[in-house]
Amino acid sequence: MIGLALAAVLVAAAAPNGGSCDDAGGAVRFGDWLLERGDYYRAIGEYQRALYLGTDPPLAERLTLRIAQAYGRGGQLEKASQLLAELSGRAGIPAVRDAAAFDLGYARLLARQWDLAATALHRYARLEAPAGGAGVTRARLLEGLALLRVGGQDAAAVEAFDLAARDPSAREVALDLATETRALAHVPAKSPVLAGVLSAAVPGLGHLYVGEPGMAAAALLLNAAFVWATVESFRGGRPGAGVVFLVGESLWYGGAIFGSVADALRYGREARQERLEAIEARHPWVIGLREGPDPAPRLPPGPGP
């Protein structure tokens, strides 16, 4: 009992400005203190305590935004997105509404929900002069990166980067990203059609074309073995075994064709993935939302509404 009382005294003393956690204002101050120190879930608890103790609607919106940001910074991106989606649609305070709109796109980017992230960031960028959030330029840069991950949207990504280049402070990085995006068209790739045709002609040749010599040798040997077993079975008067080997050969033959096509598609995806990672690595602060050489990607603290 004495230990609990002592803990309560220590918690109250830890609250900034000596505020008590038994009132809404003290809970908010203590929550902010915890949030800045990375204790996200205790911060959420304090913000929720403040909501329970009673606050006016504007403060409730600001607290909900802080709760969403704490969830995001703590890795609970789905919970963060749910709260941010609600705020971005109904918040009465422009700074809160706009900050939630940006944070929604950013949270979905971190969650690798590329198409949803691009849509949310595009909607935010159309505000032109948002009252909250990281700003239109940063939103356009992130929108472009999200579109690159969606696939088939390289032209739209270039457009987003070109729009961001209108901001002198981001012109260099935006133009570099646009140039890198155009270069994606020249990323090495293998033709799935050619791989399939080669495998149909000679099992394993398609795998060799996409750079899989081990798979090529295996496909050639297995198909050759089944063909030999099929022919020998029919010659030896064992039609039942011949049919079994023939079915097996058809499966291996079709598998070699399908596998080479799949490998060709994977080759292209992996080559593009490596190039995209290299592009992002050139400017990590774009995703990190901070100026600096090596930021840690996390949900931004917002404009301080």
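The values are calculated or read from the model by the stated rules, or taken from the named source; none is laboratory data. Being a predicted model, the structure only gives us computed values, none of them experimental. We place every Cβ from the backbone using ideal geometry, glycine too, and count neighbours over all the protein chains shown.
Observations on the model:
- Criterion (touching a helix residue (DSSP H, G or I) at 6+ places or on another chain (Cβ under 9 Å) and without any contact (Cβ under 8 Å) to a residue 12 or more places away in the chain) met by exactly one of 75, 92: 75
- Filtered by the rule that a residue be buried (at least 17 other Cβ atoms within 10 Å of the Cβ), more than 20 Å from residue 85 (Cβ to Cβ) and either small (Gly, Ala, Ser) or assigned by TED's automatic domain parsing to the domain that holds residue 86 (or both), the range 46-72 gives a lone residue, 50.
- Applying the criterion of being of a type in the set (S, T, N, Q) and either in a helix (DSSP H, G or I) or more than 21 Å from the chain's Cα centre (by Cα) (or both) to the residues of the range 52-88, the residue that is farthest from residue 116 (Cα to Cα) is 55.
- Just one of the listed residues (116, 104, 77) is modelled with pLDDT of 90 or more, buried (at least 24 other Cβ atoms within 10 Å of the Cβ) and hydrophobic (A, V, I, L, M, F, W, C), and it is 104.
- The set of residues in the range 174-189 that are buried (at least 19 other Cβ atoms within 10 Å of the Cβ) and either farther than 24 Å from residue 269 by Cβ or assigned by TED's automatic domain parsing to the domain that holds residue 252 (or both) contains only 174.
- Here is the figure for the range 225-254: residues that are at pLDDT 75 or above and either in contact with a Pro (Cβ under 9 Å, 6 or more places away or on another chain) or among the hydrophobic types (A, V, I, L, M, F, W, C) (or both) total 13.
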